[in-house]
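Taking it in order: structure first as structure tokens, then the write-up.
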Amino acid sequence: MRIVVLFLLILLCGFQTSLCAETGDQHAQAAARGLVGTAAPKLVLKTVDGQTIDLASYYGKKAVYLEFWATWCVPCREQMPHLKEVYQHAGPDLAVIAVDVGFDDTEADVLKYRQAMGLKMPIVFDDGSIGKAFHLRVTPQHVVIGRDGRVLFVGHEANAKLAAALLAARTSTASSSATIAASDVSDHDDPEHVANLTVPTLSGEPFHLDAHHGNGHPTVLVFLSPWCETYFAESRPALAASCKAVREQVATLSSDSQVRWLGIASGLWAGKDDLLAYQREHHVTMPLALDASGTLFRRFCVMHVPTLLIIDAQGHVVRRIEGVDPQLPDELKALAANQSAAR
């Protein structure tokens with residue numbers, strides 16, 4: 001009987017990847033590794049109302065609770081009453097801050113949602129730097145920083161563990177030997193130029209984004225999410241349709257040997273297995289890379305999917321496209337022809 005059950009589970013994993021994908025809690029645990037117990041980063045946050053919050057000014061004085069969320073995220077909406085309640089009863093020893101992850105969201109979306117829900121806590125719209133500092137992997141992601149200025153807890157569920165962490169954070173005292181280290185959350189690379197950048201792909205082969213390895217060919221980077229077409233199908237059908245249309249357009253165009261293609265998947269709510277399943281389901285032939293830490297999305301200032309970056313043979317980003325562009329085939333042919341003539 002057990003063998004039969006195991007066989008059925010294997011079949012289900014093959015045909016319905018959502019049943020076997022990593023859970024939100026597993027993503028949160030991955031974020032917690034290397035973060036819990038460390039000195040929290042010194043960040044200055046700007047709220048959607050234009051106010052500034054200096055996190056470092058709280059360390060040693062009060063606990064800090066950050067909840068990363070998005071307006072499109074179902075579990076975020078389900079847990080929002082919990083965030084409102086924590087803020088309402090926070091008191092002077094706990095700072096509560098809501099951080100919209102900025103991924104396929106806009107400040108207008110956030111303001112509309114705030115009004116509809118009657119949110120009173122400070123809300124910050126992330127450009128990717130806060131998520132980088134706190135190892136963002138999932139939404140919602142709860143981060144609790146103790147009064148001693150160290151990360152005490154990272155989780156996904158609004159449960160007893162989170163409640164215990166919030167209580168413990170208020171009572172943890174600053175250690176005289178603790179040093180609050182600033183995190184380097186800014187990427188100084190030029191988002192419009194590529195130089196000596198190597199990306200590991202799912203196959204294990206490195207993809208080199210430099211002129212030497214490009215052999216004079218232009219490159220297209222396709223920023224995507226493996227769950228865009230399914231998760232957004234009902235809540236944001238236009239976005240889901242855009243993701244599908246771009247995938248289909250790329251499938252047609254990526255057979256051109258005069259252009260190099262690389263798909264870069266966001267690590268938000270996605271792991272290697274999710275991306276492999278996406279590759280199998282849609283028969284994706286271009287190389288795929290999982291941007292688990294969000295480094296490449298930040299590097300190229302990409303906050304929405306699908307986004308395509310067209311890079312010439314010299315490593316310059318010559319075009320940025322969000323969604324399907326009917327002129328893309330002709331543009332790529334012209335660019336490839338110009339590059340060929342220049343060689």
Exercise for the section: Answer yes or no as to whether ALA63 is open to solvent by less than 10 Å² (accessible area, probe 1.4 Å), at pLDDT 95 or above and over 29 Å from HIS304 (Cα atoms). Expected result: yes
Handout entry: Flag for LEU268 being crowded, with 20+ Cβ neighbours inside 10 Å and in contact with a His (Cβ under 9 Å, 6 or more places away or on another chain)
Key = yes
Completion exercise
For the range 191-207, pairs from a residue that is within 19 Å of ILE310 (Cα to Cα) to a residue that is of a type in the set (Asp, Glu), with Cβ under 6 Å and 6 or more apart or across chains, are ASN196/ASP210
Completion exercise
Taking the range 167-183 and keeping residues modelled with pLDDT of 65 or more and either open to solvent by 60 Å² or more (accessible area, probe 1.4 Å) or more than 15 Å from GLY37 (Cα to Cα) (or both) leaves LEU167, ARG170, THR171
Handout entry: When residues of the range 258-305 are limited to those that are among the small types (Gly, Ala, Ser) and outside any loop (DSSP other than H, G, I, E, B), the one nearest to the chain's Cα centre (by Cα)
Key = SER266
Fill in the blank from the handout: Residue set HIS208, HIS213; condition modelled with pLDDT of 65 or more, within 30 Å of ALA337 (Cβ to Cβ) and surrounded by 12 or more Cβ atoms within 10 Å (Cβ to Cβ); output residue HIS208
Completion exercise
Of all helices (runs of 4 or more DSSP H) fully inside the range 17-119, the set with 1 or more residues that are out of contact with any strand residue (DSSP E or B) (no Cβ under 9 Å at 6 or more places or on another chain) and over 20 Å from VAL138 (Cα atoms) is 74-88, 107-117
Exercise for the section: Look at PHE125 and say whether it is farther than 27 Å from THR171 by Cα and either modelled with pLDDT under 95 or touching a Gly at 6+ places or on another chain (Cβ under 6 Å) (or both). Expected result: yes
Problem - Exclusive hit being among the acidic types (Asp, Glu) and over 30 Å from THR230 (Cα atoms), set ASP93, ASP104 - result: ASP93
Practice task
Among what's in the range 306-320 and is open to solvent by less than 50 Å² (accessible area, probe 1.4 Å) and assigned to a strand (DSSP E or B), pick the residue that is nearest to GLY24 (Cα to Cα).
Solution key: THR307
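This table checks each residue for (1) open to solvent by 60 Å² or more (accessible area, probe 1.4 Å); (2) over 27 Å from PRO226 (Cα atoms); (3) out of contact with any helix residue (DSSP H, G or I) (no Cβ under 9 Å at 6 or more places or on another chain).
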position	(1), (2), (3)
GLN115	yes, yes, yes
GLY118	no, yes, no
ILE130	no, no, yes
VAL144	no, yes, no
VAL154	no, no, no
Practice task
Look at GLY24 and say whether it is open to solvent by less than 50 Å² (accessible area, probe 1.4 Å), in contact with a Ser or Thr (Cβ under 9 Å, 6 or more places away or on another chain) and either among the charged types (D, E, K, R) or modelled with pLDDT under 95 (or both).
Solution key: yes
Fill in the blank from the handout: Flagged in the range 321-343 as in a helix (DSSP H, G or I) and buried (at least 17 other Cβ atoms within 10 Å of the Cβ), in numbering order, are LEU328, LEU332, LEU335, ALA336, GLN339
Exercise for the section: From the list ILE123, ILE97, pick out the single residue that is surrounded by 14 or more Cβ atoms within 10 Å (Cβ to Cβ) and either under 19 Å from MET303 (Cα atoms) or basic (Lys, Arg) (or both). Expected result: ILE123
Fill in the blank from the handout: Filtering the range 238-257 for residues that are part of a loop (DSSP other than H, G, I, E, B) and either in contact with a strand residue (DSSP E or B) (Cβ under 7 Å, 6 or more places away or on another chain) or surrounded by 15 or more Cβ atoms within 10 Å (Cβ to Cβ) (or both) leaves a count of 2
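The values are calculated or read from the model by the stated rules, or taken from the named source; none is laboratory data. The shown structure was predicted, so the numbers you read here are calculated from the model rather than taken from an experiment. Glycine also receives a Cβ, built like all others from the backbone with ideal geometry; neighbour counts cover every protein chain displayed. Please note that ligands, DNA and RNA were not included when accessible areas were found on the heavy atoms of the full protein model with its side chains. Shrake-Rupley method; radii C 1.70, N 1.55, O 1.52, S 1.80 Å.
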